[in-house]
Amino acid sequence: MPTLNWIGKEAVMNHDKEVPFRLLKKVKSASVGKDSQNLIIHGDNLEALKALMPYYGGKVKCVYIDPPYNTGNESWVYNDKVNSPKIKKWLGKVVGRESEDLCRHDKWLCMMYPRLSLLKQLLRDDGAIFISIDDAELFSLKHIMDEIFGIQNFRACITWQRKYSVSNNFKGIATIIDYILVYSKSENFQNSLLPRTAESIERYSNPDNDPRGPWKAVDYLNQVSPDKRPNLCYEIVNPNTKQVIRNTKKAWKYELDAHKKHIQENRLWWGVKGNNTVPALKLFLSEVRQGMTPHNWWPHEDAGHTDEAKKEIDSILGANLFDTPKPIRLINRILQISTGPDDLILDSFAGSGTTGHAVLQLNKEDGGKRKFILIEMEDAIAKDITAKRIKTAIDKFNFKDGFEYCELDKPLFNENGQIEESCDFNQFATYIYFTETQTNIDRTKVDTNFIGELNETEYYLIYKEKGKNILDKGFLKKLRKTEAKKIVYADNCTIDEKILDEYNVLFKQIPYEVKVY
Ligand SMILES: C[S@@+](CC[C@H](N)C(=O)[O-])C[C@H]1O[C@@H](n2cnc3c(N)ncnc32)[C@H](O)[C@@H]1O
């Protein structure tokens, strides 16, 4: 498979593994409702995605992202040239001196690669990622997606008609479409059908009041000539006019046996007056699949357009607050083909929060309990646009859910290599369990110091008060009386190796033996 190279690639290819794990801090005053499982996180998505991993690794059903398109257009609210001071600082740190020579396409690829790697790890095995992009970076994006997700997991490149008209003053060839690249995590992703549109249902009618309900007429003639398909040639008699019809120019579509069955089932339609010279087949609405197969052309009538998106956001937040929102109908379509009623959806370039709004709206429409996680980096956007839009929409449309607003907190390991003091038992237990098992902790199983078990190994954490987290004889008595191997994390251990062996216990010292991932 051809691969794409750019300046800085080596530095970022495995960077997702080097990003420090940071804690998340809930901000009650900016949250809505109590204990909602929806999250809005303010911070760079690289660190935020890493922070989510112990909680949501392998749990997200649908990722939708709308990253900066890297068009070079400086006039946007956020800077689309990947020159945002935060990203510039990050590139300088990660790519080093070389970063001074990067062109904006190198920078964009450096920015995207580790983030896409983390998003893949967060996806469920049967999940999929949808990425909005235009032709400035589509072709580079396709290359790195093939590399990260595997070319076999490429599902579609959807064309979305984001504009329905072009200004006559425009010089050159105007762009009125965007693309949405779709990749699955594995072959286990199965898309759902789209609900039938009113227009597609209108194609079915019932002019003869057939008790089987509405139907549509399907052509009975084939496009091939009779000499090519003699098995599709036979005489048909119109029962009303007694006219005998033979295949002179075209063969029929169905073999004789199938045709006889159609007659038996009273499926031939000879027109309102009954005197058509060629029959049609009645295809009943009740027989066709209850949805429509999604395809890769999404016209604005079906998926919305940018003016509509601006009106949506303006009607909620007031004029001109966010320049590049996507329409709710676009995200709704993605949710319909990729999620079920209980799934988790992640958008790590949240902007005005359309994804969160679309999730809440679809839940209201179909009674689902989907949850969302939104991540937004910019200080001027996260609280005052992303969170505010969702909060206002909840009030305005009476959505029955809220969200927790979080800030990225300090790294788990402080500059001295010690565990950050603000880290509480639950946060630490989640991290330890994830680094040991690569799976997420089940909170319902946590019992005092016991934090879970997997593959006949039990995990324990003694973490209450600095300096007093000791694995001693008293603690041994608290262990479960099972044959399973027991891994115990604590600051210190006062028991001989021999006795630990007798109890099948392996001591791991905090912080030195806490894995960094
Ligand atoms: C094109 S906008 C997304 C618009 C969104 N789909 C909507 O409907 O409003 C991209 C957003 O990603 C944010 N962003 C860019 N880099 C980011 C990063 N590293 N981490 C988190 N957010 C980032 C930008 O601030 C911007 O708000």
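Could you list TYR164, TYR56 in order of exposure, starting from the residue whose Cβ has the fewest other Cβ atoms within 10 Å?
TYR164, TYR56
Using a basic spin-label model with each label point 7 Å from the Cα along Cα→Cβ, how many nm lie between GLN264 and GLU18?
7.2
At ASP472 and ASN168, where each label point lies 7 Å from the Cα along Cα→Cβ, what is the point-to-point distance in nanometres?
The two pseudo-label positions are separated by 8.9 nm.
At 7 Å along the Cα-to-beta-carbon direction for both ARG443 and LYS364, put a label point, then send me their distance in nm to one decimal.
The answer from the label model is 2.7 nm.
Sorting ILE373, ILE65, ILE245, ILE151 on the 10 Å Cβ count, fewest up front, what's the list?
Starting with the residue having the fewest Cβ neighbours, the order is ILE151, ILE245, ILE65, ILE373.
With everything on Cα atoms, drop me the angle between helix 328-338 and the longest principal axis of the chain, reported from 0 to 90° to the nearest 10.
For helix 328-338, the angle is close to 90 degrees.
Could you tell me the calculated FRET efficiency between LEU4 and LYS93, based on Cβ-Cβ distance and R0 = 30 angstrom, to the nearest 0.05?
Numbers: r = 23 Å, r/R0 = 0.77.
Using R0 = 30 Å, I get an efficiency of 0.85.
In the range 259-302, which residues have a backbone nitrogen under 14 Å from the label point lying 7 Å from THR159's Cα in the Cα-to-Cβ direction?
Once the point is set 7 Å along Cα→Cβ of THR159, 295-300 turn out to lie under 14 Å by backbone N, inside the range 259-302.
Which loop GluC sites (Glu not before Pro) in the range 79-187, with loop taken from DSSP, have no more than 13 other Cβ atoms within 10 angstrom of their Cβ?
Here the GluC sites (Glu not before Pro) that fit, given the DSSP loop and packing criteria, are GLU187.
For an R0 of 45 angstrom, estimate the FRET efficiency from the Cβ-Cβ distance between ASP126 and TYR234 and round to the nearest 0.05.
Working: r = 47 Å, r/R0 = 1.05.
Once the sixth-power term is evaluated, E becomes 0.45.
Within 10 Å, count the other beta carbons around each residue, average over each peptide in 211-217, 330-336, 285-291, and list them highest first.
Numbers: 211-217: 15.1, 330-336: 24.3, 285-291: 12.0.
Packing proxy ranking, top to bottom: 330-336, 211-217, 285-291.
222 nm [θ] for the chain, helices only, -39500 (n - 2.57) per DSSP H run of 4+, per residue, to 500?
About -8500 deg cm²/dmol.
R0 = 41 Å: FRET efficiency of ASN426 with PHE139, Cβ-based, nearest 0.05?
So, using R0 = 41 Å, E works out to roughly 0.40.
Using alpha carbons only, how many degrees (0 to 90, rounded to 10) separate the axis of helix 354-366 from the longest principal axis of the chain?
The answer is roughly 60 degrees.
Taking the highest mean first, how do the peptides 165-178, 343-356, 491-504 order by number of other beta carbon atoms within 10 angstrom per residue?
In decreasing order of mean packing, 165-178, 343-356, 491-504 become 343-356, 491-504, 165-178.
Arranged by the count of other C-beta atoms within 10 angstrom, fewest first, what order do LYS485, LYS250, LYS93, LYS242 take?
Arranged by neighbour count, lowest to highest, LYS485, LYS250, LYS93, LYS242 become LYS242, LYS93, LYS485, LYS250.
Can you list the lysines whose alpha carbon sits under 22 Å from that of LYS9, skipping same-chain ones fewer than 8 residues off?
Reachable lysines: LYS17, LYS50, LYS81, LYS86, LYS88, LYS89, LYS93, LYS107, LYS120, LYS142.
Hey, could you pull the Cα Rg and Dmax for the chain, both in Å?
Values for the chain (Cα only, Rg and Dmax): 29.8, 102 Å.
Just to confirm the filter: which GluC sites (Glu not before Pro) across the range 188-261 are DSSP coil and have at most 11 other Cβ within 10 angstrom of their Cβ?
Within the range 188-261, the qualifying GluC sites (Glu not before Pro) (loop, at most 11 other Cβ atoms within 10 Å) are GLU235.
Measure nothing but the geometry: give the 0 to 90° angle between the long axis through the Cα atoms of 425-437 and the longest principal axis through the Cα atoms of the chain, rounded to 10°.
With both axes taken from Cα atoms, the answer is about 70 degrees.
At 0.36 nm per residue, minus the direct Cα-Cα distance, what do ASP323 and GLU187 gain on full extension? Give it in nm, one decimal, please. Write down the numbers at each step before the final one.
Numbers: separation 136, 0.36 × 136 = 48.96 nm, distance 3.67 nm.
Full extension from ASP323 to GLU187 adds 45.3 nm.
Read-outs throughout are calculated quantities, based only on the coordinates presented, and are distinct from any laboratory measurement. Computed from a prediction, not measured in an experiment: that's the story for all the values here. Glycine also receives a Cβ, built like all others from the backbone with ideal geometry; neighbour counts cover every protein chain displayed.
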